[in-house]
Amino acid sequence: MLLRLIAFIVIGFFVPLSAYRVVLDPGHGGRDLIPHTLYGDKFDRRLGTYLDKFREGARHKGVWELEVMHDIAARAKAILDLTQTAEGKEKFRKILAKYGKPLAQEGAGGCVAKDGLCAQSPGIQPIEAFISRPAGYYENYFENRDDVNAPFRLYDYPDQKTGALKPGTISRINALEPELVITLHLTHTEAPSVGGMATVITPGYKTYELAHRYVRGGLGERTAIRGKLAASAWNRWFISDDRYKTFSSFMADAFIYYIGFWCKPDGVSTDFQKFRGYRHNLVQWAYADSDSIVESLYGKKGERYATSLAAFEPKGPFWEREQAEPESWRRERGPEGYGGDNHYAGMEVLRFTRKAFVANGFDSPATAPKILKPYISTWAVPTYVNAVAAFVELAHTTSKRDHLRMAKYRHIYAEGVAVAAYSLLYGLDVREANGFPKGDAIDLARYQNLAGGNYFKRVKKS
Ligand SMILES: [Zn+2]
């Protein structure tokens with residue numbers, strides 16, 4: 001009783017007013033059903049239809065991405081929930097001990113009272129963990145059978161009965177105002193036989209601007225820009241359509257980013273057959289344009305809805321956000337050399353996951369899943385959330401070892417993810433060799449102390 005009382009006083013005294021928040025975001029969840037105009041994703045209010053099919057994710061020999069990723073997220077949340085109680089913190093401390101020592105936090109006490117004395121171990125800080133979606137379409141099939149994908153769409157969508165707009169996953173994440181989002185996927189693409197993991201990253205405005213300059217430039221400038229991209233870390237751009245080469249894939253993604261349309265394989269002309277929406281207007285947040293602006297400016301030269309990239313001008317709240325410092329911190333340069341804090345956060349999740357397999361005796365550093373090169377494209381979640389966004393492919397179904405890990409060792413992935421979240425928010429003293437986590441916390445203070453207000457808390461639609 002006395003111990004509990006002391007614990008209560010210590011906890012009650014030192015817990016910050018609001019704990020850091022992390023959203024665990026398992027990919028997919030629903031089904032790719034026909035017609036896409038009823039069951040798809042990416043609802044465009046102006047056109048009154050879904051622009052894309054529902055992306056149901058990978059399925060391979062009994063391993064369903066949507067199910068495994070949710071299971072790992074739920075287990076990681078259960079581990080992070082330990083930081084909410086005094087007893088839980090002691091369990092969490094034992095887990096952390098496999099990876100490193102917690103650091104003393106400024107203004108947070110820094111030590112735990114034990115037998116009336118302050119022991120030499122810094123306190124475990126609290127984290128509020130959330131999951132971005134329910135388990136899977138099969139869980140609530142009867143409630144949602146008219147629209148099985150309702151709880152799983154990335155973008156906002158109309159209620160099938162009332163037509164009222166409902167928040168998709170991206171809007172729900174933003175409403176929670178987290179500091180950190182960890183998006184979890186697995187993939188079918190090729191991997192080494194020992195398995196592989198990779199981060200998924202998206203650049204900031206400075207890189208996309210190369211494409212904007214390219215379509216306006218003469219031959220000399222175009223050659224220079226091609227050379228610049230080829231010499232940069234973004235030169236391994238993700239090719240999602242085989243008719244496009246690396247540079248034209250970059251151009252196609254820049255077109256989507258800026259004007260919502262794909263470009264043709266030539267990399268300069270708009271493909272009017274492939275419209276992917278003004279994605280920043282398909283979510284509910286402070287950076288969306290009002291419907292009246294979308295109507296009045298549609299297709300106009302020198303405006304934000306120009307239908308050629310050369311005629312596009314970045315006007316409005318979303319494009320101000322894109323050109324401001326926090327987006328550059330999140331998506332350019334940073335501790336990994338490129339990709340900003342998002343890339344670092346994703347890499348730490350992967351490095352802690354590798355470490356989890358080694359620390360728990362399942363692998364040696366030689367057999368633990370390798371970290372492959374990142375997947376670079378104009379991905380939605382890391383672009384359209386106001387949080388540091390780690391996005392990872394935890395496994396490749398093409399590797400038998402990864403497939404086995406997905407079936408049997410989800411608790412190990414979950415531990416790696418949970419410890420990474422703690423380390424990214426509060427830092428961890430890890431002393432490890434190459435390929436293992438660095439343990440540095442993200443510099444959250446620079447986002448929190450911005451002149452215009454806390455970056456993480458200014459995303460709600462006013
Ligand atoms: Zn996926």
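The values are calculated or read from the model by the stated rules, or taken from the named source; none is laboratory data. Just so it is clear, the model here is predicted, and its values are computed rather than measured. Glycine also receives a Cβ, built like all others from the backbone with ideal geometry; neighbour counts cover every protein chain displayed.
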Practice item. Answer yes or no as to whether Ala19 is within 12 Å of the ligand (Cβ to nearest atom), over 17 Å from Val148 (Cβ atoms) and in contact with an Asp or Glu (Cβ under 7 Å, 6 or more places away or on another chain). Key: no
Review point. Mind checking which residues of segment 223-249 are in contact with a helix residue (DSSP H, G or I) (Cβ under 7 Å, 6 or more places away or on another chain) and without any contact (Cβ under 8 Å) to a residue 60 or more places away in the chain?
Key: Ile225, Arg226, Lys228, Leu229, Asn235, Ile239, Tyr244, Phe247
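Name the one entry in Tyr257, Tyr214 that is under 14 Å from Ser377 (Cα atoms), crowded, with 20+ Cβ neighbours inside 10 Å and outside the structural domain of Leu372 (by TED's automatic domain parsing).
Step by step, each of Tyr257, Tyr214 is checked, and only Tyr257 is under 14 Å from Ser377 (Cα atoms), crowded, with 20+ Cβ neighbours inside 10 Å and outside the structural domain of Leu372 (by TED's automatic domain parsing).
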Check your understanding: Does Val23 count as among the hydrophobic types (A, V, I, L, M, F, W, C), in a strand (DSSP E or B) and assigned by TED's automatic domain parsing to the domain that holds Tyr426?
Key -> yes
Exercise for review: Report, ordered by the first and then the second residue, all pairs with beta carbons closer than 7 Å, sequence separation of six or more or different chains, a first member in segment 46-61 that is of a type in the set (A, V, I, L, M, F, W, C), and a second member that is part of a strand (DSSP E or B) and within 14 Å of the ligand (Cβ to nearest atom).
Suggested key: Phe54/Asp41; Ala58/Leu186; Ala58/Thr187
Point to revise | Odd one out for Val68 among (1) more than 13 Å from Tyr422 (Cα to Cα); (2) in contact with a Ser or Thr (Cβ under 8 Å, 6 or more places away or on another chain); (3) at pLDDT 95 or above | key: (2)
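Would you please name the residue that is nearest to the ligand (Cβ to nearest atom), looking only at residues in segment 29-67 that are basic (Lys, Arg) and over 24 Å from His280 (Cβ atoms)? Walk me through it before giving the result.
Step one: of segment 29-67, the residues basic (Lys, Arg) are 31, 42, 45-46, 53, 55, 59, 61.
Subsequent filtering for residues that are over 24 Å from His280 (Cβ atoms) retains 31, 59, 61.
Numbers: Arg31: 14, Arg59: 11, Lys61: 17 Å.
Among residues in segment 29-67 that are basic (Lys, Arg) and over 24 Å from His280 (Cβ atoms), the one nearest to the ligand (Cβ to nearest atom) is Arg59.
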Review point. Based on what the data block shows, is Gly346 touching a Phe, Trp or Tyr at 6+ places or on another chain (Cβ under 9 Å) and either at positive phi or part of a strand (DSSP E or B) (or both)?
Key: no
